[in-house]
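So the structure is just underneath, and the comments pick up after that.
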Amino acid sequence: MLDLQHLKIEHKALIERYVPRECAKMCDFSFGNLYSWSAAEHTEFCEKDGFLYLRSTFNGVTSYAFPWGEGDINSALAEIQRDASEREADLSFYCVAEAQLPYLQAFFGNSLIIKEQRDYFDYVYLRESLATLSGRKLHSKKNHVNSFCKKHNFLYEELSDNNLSECLEFSHSWFMMGESTQRLEAERQVIDKAFRNFSKLELKGALIRVEGKIIAYALGEPMYDGETFYVHFEKASPHYPQAYAVINKLFAENSLVDYKYINREDDAGVEGLRKAKLSYQPEALIKKYYAKII
C-alpha cells in the first residue's frame, strides 16, 4: 500500500519538481490549488521509486492522478492498481491529460472507461487579449469597462501585506451576500487558507477600491510552464455589476505583463459561467478526462 500523507506547505518544491509537461498549464495541479483545496478534497500524496502519486476526492469520488515521474510507467500504474485493491476501493483517475490516455489504454485495455470532462476544461486566454479587449468580439466588454471608469473614481492596488486582511474581510462579506451552500462554505475556507499562506504560496493578486472600499479582487499564481498565470479566485460586489470585467482587464493589463497566457479555470458546468467565459474568446481549452477501471 502506498504510504500516502497529507499535503503540507513545505512540500511545494517536491511537488513542483514532478509536474509533467502535459499538466504544466492545468489549474488543478498548481501547488496553490492543490494545497488550498487539500483539506476539502482530502488530497494526499506519496513519493516512491521515482514517481509521485496523488489521490483526491471530487464530488464524493476518490481518484488518483496519473502518476508523475520518469521511468517504467506500467510499474507506476501497477502500484496504483495494487494500492486501490489493498484499500478495497474503486480505481479511477481524475484530470487525465489527453497525452496520458494512451498509457492507460495500453495498461488497462478493455477494462478502461474514459469520459471527457467538459465541465472541467480550463479556459486559457492570451494575456494581451484580456488586457486590451481589442477587436469586434470583445467590444462590448471594453464598453463595460469604459462605462465603469467614467462613472466611478476608483483605485487599483496590488495585494500586499498592507491590504491582505482587508481584502479577506471583503471576501467574507461577499460570501455572506448569497445563499450558503456546502460548496460555497468549502470555497470560503479554501480562500482563507490561500490568503493566510499568500507569501509562502507565491501568490499574486490585486483589488479595486471605490470611495476607499474594496469592491473586487483577483488572486492567482504563476504556472509551471513559466508563461501562464492562473487566476484562482475573482470576487466582486454585486452592487457593481461591471466590476468583474474591470478587475479582469486591469489585473491582466497591470500585473501580469510577464505572462503570455492566463488560465481562468473551468466553468464547472454552470451555463451562465460557460457563456461568460466563452464570450472572452479563449485561445484554447485544456481538455481533461476521467478514467475508470471496471
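Coordinate-derived values only; no laboratory data. Note that the coordinates shown come from a computational prediction; the quantities given were computed from them, not determined experimentally. Virtual Cβ from ideal backbone geometry, glycine too; neighbours counted across all protein chains shown.
Data overview
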| read-out | value |
| --- | --- |
| Long pairs among 204/287; 12/277; 141/249; 150/249; 141/288, criterion Cα-Cα beyond 19 Å | 204/287; 12/277; 141/288 |
| Rounded, prolate or oblate (a/c below 1.5 giving rounded, otherwise prolate when a/b exceeds b/c) for segment 60-204 by Cα gyration tensor | prolate |
| Proximal aspartates and glutamates to residue 151, defined as alpha-carbon separation beneath 18 angstrom and excluding residues fewer than eight positions away on the same chain | 211 |
| Share, in percent, of DSSP beta bridges within the chain that are antiparallel, nearest 5 | 90 |
| Two-decimal Rg/Rh across segment 5-120, once Rg and the Kirkwood Rh are taken from alpha-carbon atoms | 0.92 |
| Cα-based Rg and Dmax for segment 122-265, where Dmax is the largest Cα-Cα distance (Å) | 14.9, 41 |
| Over the chain, relative contact order from alpha-carbon pairs under 8 Å, at least 6 apart, % | 27 |
| Ranked packing of 138-144, 218-224, 187-193, most packed first, by mean Cβ within 10 Å | 218-224, 187-193, 138-144 |
| Around residue 17: net Lys/Arg minus Asp/Glu count, Cβ-Cβ under 12 Å | -2 |
| Hz values of 3J(HN,Hα) by residue in segment 95-109 - Karplus curve (6.51, -1.76, 1.60), Gly and Pro given as x | 6, 7, 6, 4, 5, 8, 4, x, 5, 5, 5, 5, 7, 9, x |
| Mean-position separation - Cα centroids, segment 231-256 and segment 45-85, in angstrom | 37 |
